[in-house]
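Only the coordinates and a few stated rules stand behind these numbers; no lab work does. Keep in mind that what you see is a predicted model, and the values were worked out from it rather than measured. With ideal geometry, Cβ positions are generated from the backbone for all residues, glycine too; neighbour counts draw on all protein chains shown.
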Amino acid sequence: MDAPLWTERYAPTVSELPQSSVRDYLERASEEPLNLVLHGPQGAGKTAAVRALAREAHEDVDNDFVEINLADFFQRTKKELRNDPRFSHMLQGEISWVKQLSTGRKQEISKRYKSDWSKAEMTAHVLKESAAYSPASGTYKTILLDNAEGIREDFQQSLRRVMEQFAANTQFVIATRQPSKLIPPIRSRCFSVQVRAPSEAEIVDVLERIVEAEGVEYEAAGLEYVAAAADGDLREAILSAQTTAEQAGAVTMETAFETLGEVGYEETAAGMLEAAERGDFEEARKTLDSLLNDEGLDGEEVLAELLAAGRDRHEGDERALAHLHRRAADVDVRLQEGVSARTQISRLLAELGA
């Protein structure tokens, strides 16, 4: 999709969030810096809700709102993190450290490159650096820790210490599909906000507001069809409506049925599978990132497209199909546990290349 995404162009305010209970909680949190855990299914609007909270709470939102997608740390290599322009100024260069010699009788000051840090050390350092600076406006800033499903307990202990150290001027918001995986000391420091999947009627209201702002012709039945097809995923519904409008010029029952019935990623998934099997892992992972980030698919949807591509590619080759399905079954189990889709499907692609 080449045009600006409607999910970004029409980012909601707190009052425009479809779930009334979430609106009530965030209106209160915009008045006082409560730590929050927002939990709910993928596509329910957790990230959009926190961004809306930040815009309402902070006069200088660009400086006083820090968004850290934990998937960036748990799915990427250390080199990728050091070269990311968002983190490079924190993760490159040297630091001084004190090393206790094995004799225990004396200490020496040594130099250690940040490149020697473990990923856990890098993650904790970025978090602490983000929390350390003073708010640019007002009395506090907000840090969003997004996609927190797979954070390890050692990082959670580091997070707990940072939350304690900077409690006076920082509001921490954790967005996750599985709040039960958070350790009790963190859960006890946060107010729990359930973000349920919006109903079809609520999704229709959001779509109607957007298509009217865009000046796109529509029918109520067309919006209802898009909302029903999204199955509670607001992001998917908005992107589907945009795809229909761009391809057909209107969102009616007929255009939505024709467009969404044709929308698929078989060709893209086939290219990803082909790249993986010939050993071009970088190309395969680039396509995976496009499907997950640009197209908004979740891990289960990408896996389904990959299996469909595999059935076409290996028709008649039972051994290859069995190998693919065994590997995919393992990934599917891990996805049900809330583990990172990018990590698990990347591993699958690497195994297929091997």
> Given R₀ = 41 Å, FRET efficiency for Asp62-Asp332 by Cβ-Cβ distance, to 0.05?
Replying inline: 0.55
> Could you give the Stokes-Einstein D for region 215-351 in µm² per second, using the C-alpha Kirkwood radius, 37 °C, 0.692 mPa s?
Replying inline: 204 µm²/s
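Mean 1/r over all different Cα pairs, inverted: what Kirkwood radius does region 200-262 give, in Å? Display every interim value, and only then the final one.
Numbers: mean 1/r = 0.0923 Å⁻¹.
One decimal place: 10.8 Å for the Kirkwood radius.
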> With contacts defined as alpha carbon pairs under 8 Å and 6 or more residues apart, what's the relative contact order of the chain in percent?
Replying inline: 19 percent
> Measuring from a point 7 Å past the Cα of Asn69 along Cα-to-C-beta, which residues in region 1-36 have an amide N at less than 18 Å?
Replying inline: 1-12
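Once you list every other residue whose beta carbon is under 14 Å from the beta carbon of Ala71, what net charge do they have if Lys and Arg are +1 and Asp and Glu are -1?
Numbers: positive: Lys46, Arg76, Arg86, Lys119, Arg152, Arg177, Arg285, Arg342; negative: Glu67, Asp72, Glu80, Asp84, Asp146, Glu149, Asp289, Asp298.
Charge balance in the 14 Å sphere: 0.
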>> Counting only other residues whose beta carbon sits under 11 Å from that of Phe191, what net charge do I get with K and R as +1, D and E as -1?
In response: +2
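If we count other beta carbons within 10 Å of each Cβ, what is the order of Phe65, Phe281, fewest first? Spell out each step's value before the answer.
On the way: Phe65 20, Phe281 16.
The fewest-first ordering by Cβ neighbours comes to Phe281, Phe65.
At 0.36 nm per residue, minus the direct Cα-Cα distance, what do Arg313 and Arg209 gain on full extension? Give it in nm, one decimal, please. Before the final figure, lay out the partial values.
Working: separation 104, 0.36 × 104 = 37.44 nm, distance 4.25 nm.
That pair, Arg313 and Arg209, stretches by 33.2 nm at full extension.
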> Sorting Met122, Met253, Met272 on the 10 Å Cβ count, fewest up front, what's the list?
Replying inline: Met253, Met122, Met272
> In nm, to one decimal, how far is the modelled label at Ala11 from the one at Ala320, with both set 7 Å along Cα→Cβ?
Replying inline: 4.4 nm
>> How would Thr243, Thr343 line up from fewest to most surrounding beta-carbon atoms within 10 angstrom?
In response: Thr343, Thr243
> Relative contact order, percent, of region 200-262 when contacts are C-alpha pairs under 8 Å separated by at least 6 residues?
Replying inline: 37 percent
> For the chain, which longest stretch is free of loop sites, where a loop site is one of the GluC sites (Glu not before Pro) that DSSP puts outside H, G, I, E and B and that has at most 14 other Cβ atoms within 10 Å?
Replying inline: 60-314
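For region 1-47, rounded, prolate or oblate, judged on the Cα gyration tensor with a ≥ b ≥ c (square roots of eigenvalues), a/c < 1.5 rounded, else prolate if a/b > b/c? Don't jump to the answer; show the numbers that get you there.
Working: a/c = 2.34, a/b = 1.86, b/c = 1.26.
Prolate.
What is the sum of charges, Lys and Arg at +1 and Asp and Glu at -1, for the other residues whose Cβ falls under 11 Å from the Cβ of Ala136?
Values: positive: Lys141; negative: Glu59, Asp60, Asp62, Asp64.
Taking every other residue near Ala136 into account, the sum is -3.
Report the full-extension gain for the segment Arg82 to Asp24: residue separation times 0.36 nm, less the Cα-Cα distance, to one decimal in nm.
Working: separation 58, 0.36 × 58 = 20.88 nm, distance 3.92 nm.
Full-extension gain reported as 17.0 nm.
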> How big is the antiparallel share of DSSP beta bridges in the chain, given as a percent to the nearest 5?
Replying inline: 25 percent
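Give the relative contact order (percent, whole number) for region 301-354; include only Cα pairs under 8 Å separated by 6+ residues. Before the final figure, lay out each step's value.
Working: 21 pairs, mean separation 16.4, N = 54.
It rounds to 30 percent for region 301-354.
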> Measuring from label point to label point, each 7 Å out along Cα→Cβ, what is the Asp116 to Gln194 span in nm?
Replying inline: 5.0 nm
